[in-house]
Amino acid sequence: MSDASAAAGPQGAGRSERSPRVRRSEPDGAASDASAAAGPQGAGRREVAEARRVVVKIGSSSLTTAAGGLDADRVDALVDVLVKQDGRQIVLVSSGAIAAGLAPLGLSRRPADLARQQAAASVGQGLLLARYTASFARYGRRVGQVLLTSDDTSRRAHYRNAYRTLDQLFAMGVFPVVNENDTVATDEIRFGDNDRLAALVAHLVRADLLVLLSDVDGLYDGDPSRPGTRRIAEVAGPQDLAGVELGRAGRAGVGTGGMATKVEAAAIATGAGIPVVLASASQAADALSGAPTGTFFRSTGRRSAGRLLWLAHASAPRGAVVLDAGAVRAITERGSSLLPAGITGVEGDFAAGEPIELRDESGRAVARGLVNFDAKEIPQLIGRSTRELARELGPAYEREVVHRDDLVLLRA
């Protein structure tokens, strides 16, 4: 299957409807959820109820005890909801591997250093999958584990393999449980949090809906613990978030995300044509049914080529090339590939196939792409035509430094 076909599908169209303003529910106890759903929001939530392929992300704090171990009752409660989603294909993006490994290793909090995080993930990943396997087995359902790093999924062949694996698990009736491969991921190739991973997986599998479940019942216009703050019932676009305070990771100290990462994930998904519901884990059934719970983010864009979303949001550039003004215009205005003639400099130590930044002469990154040459090869290519290079160095050099199919423009 080509990348284009993996990203295609009817669900990307017809989702540009916007509400004129953000809808906020009343302060806690002042209004019912029913009143929060009045007006155009109810129509938007039909997308939720009708979604066939869904990605559900659950945070560490919703699966673990205060001491850091897995809470079997919480896992079972989530599984009880998921297995009752008749007619749907669901991918579960589950945090909790590092948190599950804390107690067995005698750690009271998530360690700050990468090596101990990886050790905790190594211990906890097996415990997490075993808990899911036992819980789904109550309903006769099988579970398949899929561990990803951003390095795996920003490369063309690996991206296709990830899609095919998940699609085949669906075909075989297996429930996919996805997590970042924390045991091997380095700082340079980490997604950073599972909220962003979930948004990218939603695009990868052509999902109709992304549901982010945590210990907070939605997005508020301030600190939810402060009197007078209101839950935002619906977000139609970035303009609705102006002035909203976004909190960081919770007090439990077992996860990496906070409200800021959830809003970022929602922006990635909605920008790719996928609506998002943000709700608490205790509201999972209502969130999946389209009931007026949590915060509903309307889709704002259409689907792009699959790998390009991963390249823009999940790849860590290993270096950069500097372009002259003509090359910048060719790439940003005409959608051209990057040829050696437009390069004026190279930075970093990268290998062919790795992601790099394309910068203008002021140092601003204008694009990101997968490079076709090692960094050490590029100095001899700078400013020269591909025809000249082919005559002197051989036919392997008559090609683009970055092909336009492996290139994504970055927002200014």
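The values are calculated or read from the model by the stated rules, or taken from the named source; none is laboratory data. In this text the structure is predicted, and so the values were computed from the model without any measurement. Virtual Cβ from ideal backbone geometry, glycine too; neighbours counted across all protein chains shown. The accessibility values were calculated without ligands, DNA or RNA, using every heavy atom of the protein model including side chains. Shrake-Rupley method; radii C 1.70, N 1.55, O 1.52, S 1.80 Å.
Restricting attention to the range 50-91, which residues are hydrophobic (A, V, I, L, M, F, W, C), modelled with pLDDT of 95 or more and open to solvent by 40 Å² or more (accessible area, probe 1.4 Å)?
If the condition is that a residue be hydrophobic (A, V, I, L, M, F, W, C), modelled with pLDDT of 95 or more and open to solvent by 40 Å² or more (accessible area, probe 1.4 Å), then Ala77 is the only one that fits.
Consider Thr300 carefully, then state whether it is touching a helix residue (DSSP H, G or I) at 6+ places or on another chain (Cβ under 6 Å), touching a residue at least 24 places away in the same chain (Cβ under 8 Å), open to solvent by 40 Å² or more (accessible area, probe 1.4 Å) and not in a strand (DSSP E or B).
Numbers: touching a helix residue (DSSP H, G or I) at 6+ places or on another chain (Cβ under 6 Å): yes; touching a residue at least 24 places away in the same chain (Cβ under 8 Å): yes; open to solvent by 40 Å² or more (accessible area, probe 1.4 Å): yes; not in a strand (DSSP E or B): yes.
In short, yes.
Can you tell me which residues in the range 262-295 are modelled with pLDDT under 90 and open to solvent by 20 Å² or more (accessible area, probe 1.4 Å)?
Selection gives Glu264, Ala267, Gly271.
Conditions first: (1) closer than 24 Å to Ala272 by Cα; (2) buried (at least 20 other Cβ atoms within 10 Å of the Cβ). Val346 passes all but one, so which condition is the exception?
So Val346 meets the others, but not (1).
Only residues that are of a type in the set (Gly, Ala, Ser) and on the phi < 0 side of the Ramachandran plot: list them for the range 354-409, please.
Hits for the range 354-409 are Ser362, Ala365, Ala367, Gly369, Ala375, Ser385, Ala390, Ala396.
Which ones in the range 145-178 are of a type in the set (A, V, I, L, M, F, W, C) and at pLDDT below 85?
Leu148, Ala157
Please go through the range 192-219 and give me each residue that is at pLDDT 90 or above and more than 24 Å from Arg88 (Cα to Cα), ordered by number.
Once the filter is applied, which keeps residues that are at pLDDT 90 or above and more than 24 Å from Arg88 (Cα to Cα), the range 192-219 yields only Leu219.
Taking the condition buried (at least 16 other Cβ atoms within 10 Å of the Cβ) and assigned to a helix (DSSP H, G or I), does Leu358 pass?
It is false that Leu358 is buried (at least 16 other Cβ atoms within 10 Å of the Cβ) and assigned to a helix (DSSP H, G or I).
Looking only at the range 326-365, which residues are in contact (Cβ under 8 Å) with a residue 40 or more places away in the chain, closer than 16 Å to Ile378 by Cα and not small (Gly, Ala, Ser)?
Correct list: Leu338, Leu339, Pro340, Ile343, Pro355, Ile356, Glu357, Leu358.
Taking the range 373-396 as the search range and keeping residues that are open to solvent by 40 Å² or more (accessible area, probe 1.4 Å) and not charged (D, E, K, R), which one is farthest from the chain's Cα centre (by Cα)?
Per the criteria, the residue is Leu393.
Between a residue in the range 90-102 that is closer than 14 Å to Gln118 by Cα and any residue that is in a strand (DSSP E or B) and open to solvent by 10 Å² or more (accessible area, probe 1.4 Å), which pairs come within a Cβ distance under 7 Å, given they are 6 or more apart or on different chains?
The qualifying pairs are Gly96/Leu70; Ala100/Leu70.
Regarding the range 344-365, can at least one residue be identified that is more than 23 Å from Tyr159 (Cβ to Cβ), at pLDDT 95 or above and of a type in the set (A, V, I, L, M)?
yes
Say whether the condition of being surrounded by fewer than 21 Cβ atoms within 10 Å (Cβ to Cβ), at pLDDT 90 or above and not in a loop (DSSP other than H, G, I, E, B) is met by at least one residue in the range 92-107.
no
State whether the residues of the range 129-144 include one that is in a loop (DSSP other than H, G, I, E, B), among the hydroxyl-bearing types (Ser, Thr, Tyr) and modelled with pLDDT of 95 or more.
Yes, because at least one residue in the range 129-144 is in a loop (DSSP other than H, G, I, E, B), among the hydroxyl-bearing types (Ser, Thr, Tyr) and modelled with pLDDT of 95 or more.
Need the failing condition index for Asn181 against (1) at pLDDT 90 or above; (2) surrounded by 18 or more Cβ atoms within 10 Å (Cβ to Cβ); (3) farther than 28 Å from Arg45 by Cβ, just the number.
Unmet condition: (1).
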